[in-house]
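The values are calculated or read from the model by the stated rules, or taken from the named source; none is laboratory data. Remember, predicted model here, so these are calculated numbers, not experimental data. Positions of Cβ are backbone-derived with ideal geometry, glycine not excepted, and every protein chain shown enters the neighbour counts.
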Amino acid sequence: MSSRAVLWIGFGSLIVLMVLIASSANRALARIEASNSQIRQGFLERDDLLNRMRSELYRTSIDVRDYLLHADPKLAELRRGEIEQTRRDINAAIAKYRKELPPAESAAVNELQRDLDEYFGLVEPVLHWDQAMRESQGANFLRTQMFPRRQQLLQLSERIRQMDSRQLDFGETRVAQVFADFRREIVLTALLTIGFGLGLAFLSIGRVQALERESEMRYRQVVQTREELHRLSARLVAAQEEERRNLSRELHDEVGQSMSALLVELGNFASALPPENAALHERLQHVKRLAENNVGVIRNMSLLLRPSMLDDLGLVPALKWQAREVARRTGMKVRVDAEDVSDDLPDDYRTCIYRVVQEALHNATRHSKATHVRVIVKREEARISVAIEDDGAGFESRHDKGMGILGMEERVRHLGGVLHIQSEPGRGTKVSILLPLQGVPAPTKV
């Protein structure tokens, strides 16, 4: 699997986990809200039931008293019905209270139910008395049975209040449990996310470091290869220059001398011919002119390959000779300003400057169609600068680079210099080079 796929899967999974955390938290909060609402609603309902039970229990004692002391049979019967209805309501409330009753409260509710049954069991026989029995025994029943039972009623009321308080505590316990479950779920999910994120981070960091090492290794290889190419290019340039020097010397010394000897022999042969043989003299002069032309061609080829004056007289005479030759062949006016440049430059510097100027003049002649060219060579204490300016057609220097420009760049780079070409269409061209003179002695001033 590629690194990109691993990172996509890893970070995608991490995002999914984060979404799951958010979704889980949202669901948990919704559960907490719903549970809290349910607990609150249940507490309010049970509290209402307990309050009704307590109030109805107090009212029952009043109804029993009124039932026994009323002289009107109809009102007594009405109170009896209210007592029986209150008993049914209290039993119904306890039955409803039992539906959502926690197991811990079952014993308290059962005890409350027994006390209520005992209380209403005491009242039950009285409800069947007639008027005479109520009048004769009612006051005694209230004095001996009901009034002593008042403390029991208060205890029942207190027990109901305690159940109410325990219901509130139970609701708070449920809410705390919901929060604990939510906290545990969030912690587990967060730990899972952190663990997965750390694993992904280690994996990503390891992969990135591996890619960095590989990239650094590839970069070093590229740099090493480039340096080797530069060294190879420099050796090729040096070999090319040496080959040109050898060819120029062979052409000048061997072929040139042979052609000169041929011209001498042709002169001697012409002197030996009889004067009256005009046709033979004419043919001999034609051969002599061909030989002279060949001598000129060989001399030009030798100078183009490697002008001997560059080695014998120095850089400035070679540049001026080159300017005269270009002007003679093309009619273009070439001016060389290099009076302050001494002749003690190393051979590499002389050759580099000469070849750059030669290539720039060639481009000005062949491509830009310039009419005026100026060559400026300046030597300072630690560097030497060369500028070739023409008034030709110009070109897009950022895009158009031929082999000649690349050759100039390679020569200048080999000496640690910088080449800059400034040109725009219709505005001429300026070729500038700057060569540092490290280790080159300063010129002697006379």
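Residues of the range 36-67 that are surrounded by 18 or more Cβ atoms within 10 Å (Cβ to Cβ) and under 60 Å from the mean Cα position of the chain (by Cα): Ile39 alone. Checked against (1) loosely packed, with under 14 Cβ neighbours inside 10 Å; (2) modelled with pLDDT under 70, Gly195 meets all criteria but (2).
Across the range 313-332, what is the total count of residues that are touching a helix residue (DSSP H, G or I) at 6+ places or on another chain (Cβ under 9 Å), in a helix (DSSP H, G or I) and not aliphatic (A, V, I, L, M)? Number of matching residues: 6.
Only one residue in Glu105, Glu118, Glu77, Glu82 is modelled with pLDDT of 75 or more, of a type in the set (Asp, Glu), in contact with a Lys or Arg (Cβ under 9 Å, 6 or more places away or on another chain) and part of a helix (DSSP H, G or I), so which one is that? Don't jump to the end; show me each part of the working.
Numbers: Glu105 fails: modelled with pLDDT of 75 or more; Glu118 fails: in contact with a Lys or Arg (Cβ under 9 Å, 6 or more places away or on another chain); Glu77 fails: in contact with a Lys or Arg (Cβ under 9 Å, 6 or more places away or on another chain).
One residue alone meets the criteria, Glu82.
Pairs are defined by a Cβ separation below 6 Å, a sequence spacing of at least 6 or placement on different chains, a first member in the range 357-369 that is over 15 Å from Ala327 (Cβ atoms), and a second member that is in a helix (DSSP H, G or I); the pairs so defined are Glu359/Gly404; Glu359/Met408. When Ala92 is tested against (1) closer than 19 Å to Phe141 by Cβ; (2) of a type in the set (A, V, I, L, M, F, W, C); (3) at pLDDT 80 or above, just one condition goes unmet, and that condition is (1). The number of residues in the range 68-88 being surrounded by 14 or more Cβ atoms within 10 Å (Cβ to Cβ) and under 14 Å from Phe120 (Cα atoms) comes to 6. So if I check each of Ala234, Ala270, which one is surrounded by 13 or more Cβ atoms within 10 Å (Cβ to Cβ) and modelled with pLDDT under 70? One residue alone meets the criteria, Ala234.
In this structure, is Ser248 modelled with pLDDT under 75, over 30 Å from Leu415 (Cα atoms) and among the hydroxyl-bearing types (Ser, Thr, Tyr)? Answer is no for this residue. Search the range 344-386 for residues being of a type in the set (A, V, I, L, M) and surrounded by fewer than 19 Cβ atoms within 10 Å (Cβ to Cβ), and hand back the single one that is modelled with the lowest pLDDT. Step by step, filter the range 344-386, then rank; the result is Ala382.
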